Amino acid sequence: MNTQQNAASAADTAVRGGAFYRLVWKWHFLASLYVLPFMLILSVTGALYLYKPQIEAWIYADRLTVDVSGDAQTLEDQVAALEAHSGVTRLRGIMVYDDPARTTRVEFNDTDHVRSYAWINPYTTEILAVTPRDATLMRMLKKFHGELLLGGFGTKFVELSAHWAIVMMVTGIVLWWPRGKRNLREATRLPSGTGRKWWREAHMFTGMLAFVLITPILLTGLPWTDVWGGGLSYVQTQTGQKSQSLRFGGNAPKSSASEGETIAWAQVIDMAQGQGIVAPFELRPPRRDNDAFWLRSASVNRYEQTEIIVDRYSGEQLARVDFADNPVVAKAVSLGISLHQGELFGSLNLALNTLAAALGVFLSVSGFVIWWKRRPVGTLGVPAAPEARLGTGMAITVVVLMILLPLMGLSLIVALILDWLFFRRLGWFQGARPAAAE
C-alpha cells in the first residue's frame, strides 16, 4: 500500500511539473506575441537615445560652440537679441555652461507659441539657429520611444508592453532554469549546434543575460508611465515621499516685493558658482512681478542636482534644495531614472545599457526565428498547455496584478473574457492538447 502511494505521488509530481512548464511556456509565448515588436522598437530607440550628447554634438556642431572673442555679453542682451529675431512670448529657460566656447541655449515660446530652442553666440549675440523643440531629432526619438508618436494614446501601448515584458522575463527565466539532466553549467554555456537548436540555445542564453540587464531598465522606466507612474506619484504625495524639487513652481517662494529693479541675471549665476553648485546651469528668470529666479545644476550626476530660488529684487537666496533633501522613495525614483538613462555610474552604466539594448534586439529577432522554425504550417503554433481556469489562484493573480501593474491586470481580465467568449469557440491561442495518459 505504501509503495503504491509513493509511486502515485511521484507520478503526480511529474505530471504537475510538466504541466506547469508547459503553462509557463504558453504564457511566455502569448506575452511575446505582444511584447517582441515593442521590444525591438524600444531597444533600438533607447540605444540611440543613450548617446544623445554625442549625437547632438555631431548633428549640431555648427551651433554648439563658437570662437572665444573678448568678454561675453550679458544674458539680458542675448535674450533681447532673440526677442528681436524671433519674438519671445514665454521664456522657459536658459542653459549656461562653464565652457567659454559653448553657446547659450535658450528655450522659449515664439510669437506663434511654438516651443523652441535658440542657440546664441554669447560674444556677439548672433542667433546661430532656432529650431522647434519637437523638430529636434532626439526629441522626436524620445517621443517615439515613449509614445510611438501617438501622444497619450501611444503611451498606454508602450506601458502595457513594459508590463508584459516583465511577465516575459519572469516566465523566460523559469523556462531557462536548469531541470532534469540539464545542469547549471550547461544552462550557462555559450550556444552550440546549428539551425533551430542553435537559435533556441542562443535565445535562452540571451534571455538569461536579459533578465539581469533588461528587467531593471523595465522597472526603472515605469515611473515615466501614465497609469503606473501616475499611481506612484499619487502614493508619494499621500505618504510624503514626493520630490522636494521646486522646478515646476509648486511651493517655490516668491520675491519679497512686487516692484523694484531686478538684479542682473549674472548675479544669480555668480551666487551658484560661489556655493559650488556644479555647471551647467539652467536658469529661469521670473515671469511675474513677485516671482523669483530659479536655478538648478543640470549635471547628469543626481547627487549634484542642487536648486536655488533667488529674490529678483534683493538678490537674497530664498530656498535651496539638494538631492539629499528628498525623501527615500523620491531618491530611489530619481536614481532609477538615472540608471535607465545610462548615467548612474558613468561609462559602465552606459555600456551595460547598450548591451541590454543589443540583447533586446536579439531576443526579438531570435524569438521570431524560433517561432517560425517551430510552428506547424498554417497555424500560430501556440504551445500545448493545460487550460487556465478562472479559479481562486487565477483570481488572486489578477487582483495582485491589478495592484502592482494595473494596466496589465486590466488587459489580463480583458484577455480572459475574450478567451471565454470567443477564442475558445474559435480555437485561437489554445494550442494542441497533450495526450492524456492511459
Q) Looking at (1) 21.5, 78; (2) 27.9, 100; (3) 38.9, 161, which value of Rg and Dmax of the Cα atoms in Å comes from a calculation on the structure shown? A) (2)
Q) Cα convex hull of segment 52-148: mean projected area in nm², to one decimal? A) 6.5 nm²
**Q.** Most fluctuating residue given options Asp98, Asp311, Asp134, as computed from a GNM of the chain linking Cα atoms under 10 Å
**A.** Asp98
Q.
Please list, by residue number, everything in segment 287-303 whose backbone N is under 12 Å from a paramagnetic label point 7 Å out along Cα→Cβ of Glu56.
A. 298-300
Q: Work out the FRET efficiency for Leu348 and Thr124 from their Cβ-Cβ distance, taking R0 = 60 Å, and round it to the nearest 0.05.
A: 0.90
Q) Over the heavy atoms of Tyr49, what accessible area does a 1.4 Å probe trace out, to the nearest 10 Å²? A) 60 Å²
Q) Comparing Gly172, Gly260, Gly151, which has the greatest mean-square fluctuation in the GNM of the chain with Cα pairs linked when under 10 Å apart? A) Gly260
Q: Roll a 1.4 Å probe over the protein chains and send me the accessible area per residue for segment 131-250 in Å².
A: 55 Å²
Q. What is the distance, in nm, between label points placed 7 Å from the Cα along the Cα-to-Cβ direction at Asp270 and at Asp289?
A. 2.8 nm
Q) So which DSSP H runs in the chain come out at 20 Å plus along the axis (Cα) with average Kyte-Doolittle of at least -0.5? A) 2-50, 151-176, 195-221, 346-374
Q: Provide the packing ranking of 289-302, 319-332, i.e. peptides ordered by the mean count of other C-beta atoms within 10 Å per residue, highest first.
A: 289-302, 319-332
Q. For Ser233, what accessible area in Å² do you get when you roll a 1.4 Å probe over the heavy atoms of the protein chains, rounding to the nearest 10?
A. 40 Å²
Q) Nearest 20 debye, what's the magnitude of the dipole of segment 94-207 about its Cα centre given +1 on Lys and Arg Cβ and -1 on Asp and Glu Cβ? A) 1220 debye
Q: Using amide H atoms built 1.01 Å from N in the peptide plane, name the residues 5+ places from Gly93, or on other chains, whose amide H lies under 5 Å from its own.
A: Glu107
Q | Under 21 Å from Lys52, Cα to Cα: lysines that are on another chain or at least 8 residues apart | A | Lys142, Lys143
Q: Set the Förster distance to 41 Å, then compute FRET efficiency between Lys254 and Met402 from the Cβ-Cβ distance, nearest 0.05.
A: 0.45
Q | Ellipticity estimate at 222 nm from DSSP helix runs (n ≥ 4, -39,500 (n - 2.57)) divided over the chain, nearest 500 | A | -17500 deg cm²/dmol
(Q) Sorted from largest to smallest, which semi-axis lengths in Å does the alpha carbon gyration tensor of segment 97-186 give for its equivalent ellipsoid, taking the root of 5 times each eigenvalue? (A) 48, 20, 7
Q: Give me the percent of Cα-Cα pairs in segment 70-227 that sit more than 27 Å apart, rounded to a whole number.
A: 54 percent
Q: Can you tell me the relative contact order of the chain? Whole percent, Cα pairs under 8 Å, sequence separation 6 or more.
A: 18 percent
Q: Would you mind telling me the share, in percent, of accessible area of the chain contributed by carbon and sulfur at probe 1.4 angstrom?
A: 62 percent
(Q) With bins 10 Å wide starting at 0, give me the P(r) of segment 135-234 over every alpha carbon pair, in whole percents. (A) 14, 33, 26, 19, 8, 0
Q. Roughly how many Å² of Trp198 are accessible to a 1.4 Å probe, to the nearest 10?
A. 90 Å²
Q. Using r as the Cβ-Cβ distance of Asn301 and Leu209, and R0 as 30 Å, what FRET efficiency do you calculate, to the nearest 0.05?
A. 0.60
Q | Positive-end extreme of charge dipole, the chain - chosen from Tyr60, Thr104, Thr354 (charges on Cβ) | A | Thr354
Q: Once you have the Cα-Cα distance between Leu219 and Ala80, take 0.36 nm times their residue separation minus that, and quote the gain in nm to one decimal.
A: 45.6 nm
Q) Given a 1.4 Å probe, how much area per residue of segment 316-373 is accessible, in Å²? A) 47 Å²
Q.
I need the fraction of alpha carbon pairs in segment 292-334 separated by more than 13 Å, rounded to a whole percent.
A. 56 percent
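The values are calculated or read from the model by the stated rules, or taken from the named source; none is laboratory data. From a predicted model like this one, the values you see are computed outputs, not experimental measurements. Virtual Cβ from ideal backbone geometry, glycine too; neighbours counted across all protein chains shown. These area figures cover heavy atoms from the full protein model, side chains too; ligands, DNA and RNA do not enter into them. Shrake-Rupley method; radii C 1.70, N 1.55, O 1.52, S 1.80 Å.
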